[in-house]
């Protein structure tokens with residue numbers, strides 16, 4: 001009996017333990033953990049995301065540069081699809097049967113129960129045709145989104161482009177992006193992506209057990225509307241941008257124009273360019289590869305990544321540093337016999353000027369004068385060594401922006417090049433001096449700058465000693481906010497008084513009979529500038545001009561580079577002149593419109609590389625002992641690859 005009694009309580013105890021475990025598990029499932037609730041909830045409650053329109057981009061006069069156009073994604077839920085006329089659907093959306101099965105199998109492999117993109121970015125016309133027959137295609141539906149449209153079809157490198165996110169983009173977004181979202185990949189679209197992208201909306205919809213929608217959850221109480229991205233006001237003057245691109249058509253080069261008082265970039269031209277509308281829509285990938293394969297690299301953003309020796313356009317900087325150091329004054333005179341001898345190395349000048357001072361030296365672009373100025377800077381008695389003198393000079397040049405980025409609000413800005421004394425010592429050993437690097441005096445040698453940096457140097461001179469960081473966006477959102485760094489004046493530590501004699505020389509370069517750019521003078525406007533002819537080891541020299549106008553209270557600083565175009569006065573200076581007058585007055589005066597039209601039609605492109613020629617040896621007579629067989633040919637055979 002005792003054993004039976006004990007067995008009874010053991011069995012009861014086991015039942016109690018099991019009951020407690022079950023109760024505890026139910027409590028955990030229903031109260032402590034929401035995992036099972038969420039799993040069940042996802043079967044009946046689904047989120048449908050709505051996509052915001054990206055923010056519009058305006059020019060400085062509030063003209064629309066970038067807007068949005070509606071497109072439609074065709075979505076499919078594979079498990080809901082019923083038999084239908086697949087050929088009809090293919091005809092409407094413009095795909096073949098192979099493409100249909102490829103898309104459908106991809107969607108089915110991704111999820112049979114969740115809706116997936118079947119075809120992206122259908123046009124309004126295709127959408128209209130599809131909507132009339134959509135009821136015949138059970139399991140298919142459409143989803144609204146927008147794509148970019150560029151009404152003026154210009155400034156491709158400035159805008160950049162928008163593209164679907166990659167897995168890395170999703171990982172880096174900290175949960176913001178989902179597959180199928182779009183992100184700015186280049187240019188302003190990339191730099192200001194967070195402001196432009198807006199916020200996704202969500203619609204919560206209830207589905208029954210058969211996966212049929214039953215309507216909005218709680219009458220839309222938890223739904224949110226998509227919020228459009230913020231508008232951007234760019235600093236560009238679109239009419240000036242258009243004219244710049246027309247003037248550089250069929251040429252390779254760049255134009256950058258800046259408003260000196262604000263640092264706002266007025267024109268940002270890179271040639272060759274491309275229509276930014278080609279980077280939108282279903283053919284984006286094919287168009288990108290066509291542009292990528294185009295000669296002369298249209299995807300290169302030359303204003304901020306093209307490296308050019310500044311050439312003679314650097315001479316005003318050296319003169320300013322020399323004036324500040326006190327090694328020359330505006331009346332200091334050197335003799336120009338048409339050449340400057342740096343040891344046994346001649347630096348030739350275009351003219352025999354005889355005794356020449358700074359003002360005429362700048363107007364005539366005298367290399368001899370520039371070399372003497374550089375010599376004075378490098379041989380100052382206050383420096384104990386040549387490297388100390390060079391280090392001091394290098395530091396002053398860097399304050400003008402050469403050798404470092406300027407902080408432009410655009411990705412991938414390059415810093416240019418300026419050697420340090422250590423780099424020269426590594427290249428030449430310890431026995432080098434100013435004669436070794438004399439090319440720097442005329443803006444050549446181990447010095448290169450971007451067109452943006454050259455235009456910024458002109459803004460510094462126009463402002464008599466300071467610059468505001470160049471920027472492309474002057475207002476963000478409804479409040480037109482400006483980043484703080486684009487409000488700060490950056491001094492180059494040159495006394496304002498030293499700028500006037502340098503500007504005198506730049507004024508004469510354009511407006512005096514002996515100036516190198518006298519053909520580019522603007523009627524009734526004092527245009528100050530400096531031409532440059534930059535040596536190019538790969539072909540014809542580059543044509544360079546930098547300048548600003550008017551002399552007093554300047555409104556524009558500009559740099560123009562035309563590759564392989566020869567003298568600065570031949571192409572770069574006239575182009576800068578036309579753009580400057582157009583910006584300041586709204587038109588070109590006299591016969592200048594005809595001259596501008598002539599410039600637009602000129603073709604100045606790098607020579608295509610010549611095909612390689614292989615010289616074949618004369619045939620050898622196998623019967624002779626290594627002696628050539630008799631032949632009537634007088635020239636070797638050429639084979640062109």
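The values are calculated or read from the model by the stated rules, or taken from the named source; none is laboratory data. Remember, it's a predicted structure, so these values are computed and weren't measured experimentally. Cβ coordinates were reconstructed from backbone atoms using ideal geometry, including for glycine residues, and neighbour counts include every protein chain displayed.
Residues in segment 105-129 that are crowded, with 17+ Cβ neighbours inside 10 Å and out of contact with any strand residue (DSSP E or B) (no Cβ under 7 Å at 6 or more places or on another chain): 1 in all. Residue by residue through segment 145-154, note down the ones that are in contact with a strand residue (DSSP E or B) (Cβ under 7 Å, 6 or more places away or on another chain) and either within 27 Å of residue 414 (Cβ to Cβ) or part of a loop (DSSP other than H, G, I, E, B) (or both). Listed by number, the residues that qualify are 148, 150, 151, 152.
Can you give me the number of residues within segment 391-406 that are assigned to a helix (DSSP H, G or I) and in contact with a helix residue (DSSP H, G or I) (Cβ under 8 Å, 6 or more places away or on another chain)? Total satisfying the criteria: 5.
Restricting attention to segment 400-413, which residues are surrounded by fewer than 18 Cβ atoms within 10 Å (Cβ to Cβ) and over 21 Å from residue 266 (Cβ atoms)? Those that are surrounded by fewer than 18 Cβ atoms within 10 Å (Cβ to Cβ) and over 21 Å from residue 266 (Cβ atoms): 404, 412.
Taken together, 484, 480 contain a single residue that is more than 30 Å from residue 535 (Cβ to Cβ) and in contact with a strand residue (DSSP E or B) (Cβ under 9 Å, 6 or more places away or on another chain), which is 480. Condition check: surrounded by 12 or more Cβ atoms within 10 Å (Cβ to Cβ) and either modelled with pLDDT under 95 or under 17 Å from residue 253 (Cβ atoms) (or both). Does residue 557 satisfy that? The answer is no for residue 557. Residues that are at pLDDT 90 or above, out of contact with any strand residue (DSSP E or B) (no Cβ under 9 Å at 6 or more places or on another chain) and more than 19 Å from residue 187 (Cβ to Cβ) do occur in segment 61-74, at least one of them.
Here's the yes/no breakdown for (1) part of a helix (DSSP H, G or I); (2) assigned by TED's automatic domain parsing to the domain that holds residue 281; (3) closer than 19 Å to residue 281 by Cα; (4) under 39 Å from the mean Cα position of the chain (by Cα):
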| residue | (1), (2), (3), (4) |
| --- | --- |
| 83 | no, no, no, no |
| 88 | yes, no, no, no |
| 109 | yes, no, no, yes |
| 113 | no, no, no, no |
| 117 | no, no, yes, yes |
| 120 | no, no, yes, yes |
| 126 | yes, no, yes, yes |
| 138 | no, no, no, no |
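Within segment 246-288, the residues that satisfy the criterion of being over 24 Å from residue 68 (Cα atoms) and part of a helix (DSSP H, G or I) are 246, 247.
The strands (runs of 3 or more DSSP E) found wholly in segment 322-386 and carrying at least 2 residues that are surrounded by 18 or more Cβ atoms within 10 Å (Cβ to Cβ) occupy 334-336, 339-342. With a cut-off of at least 2 residues that are surrounded by fewer than 19 Cβ atoms within 10 Å (Cβ to Cβ) and either outside the structural domain of residue 409 (by TED's automatic domain parsing) or without any contact (Cβ under 8 Å) to a residue 60 or more places away in the chain (or both), name the strands (runs of 3 or more DSSP E) lying wholly within segment 464-506. Per the criteria, 489-491. Right, residue 426: part of a loop (DSSP other than H, G, I, E, B) and out of contact with any strand residue (DSSP E or B) (no Cβ under 8 Å at 6 or more places or on another chain) or not? Here the answer is no, as residue 426 does not meet what is asked.
Only residues that are in a strand (DSSP E or B) and farther than 20 Å from residue 302 by Cα: list them for segment 557-607, please. Within segment 557-607, none qualify.
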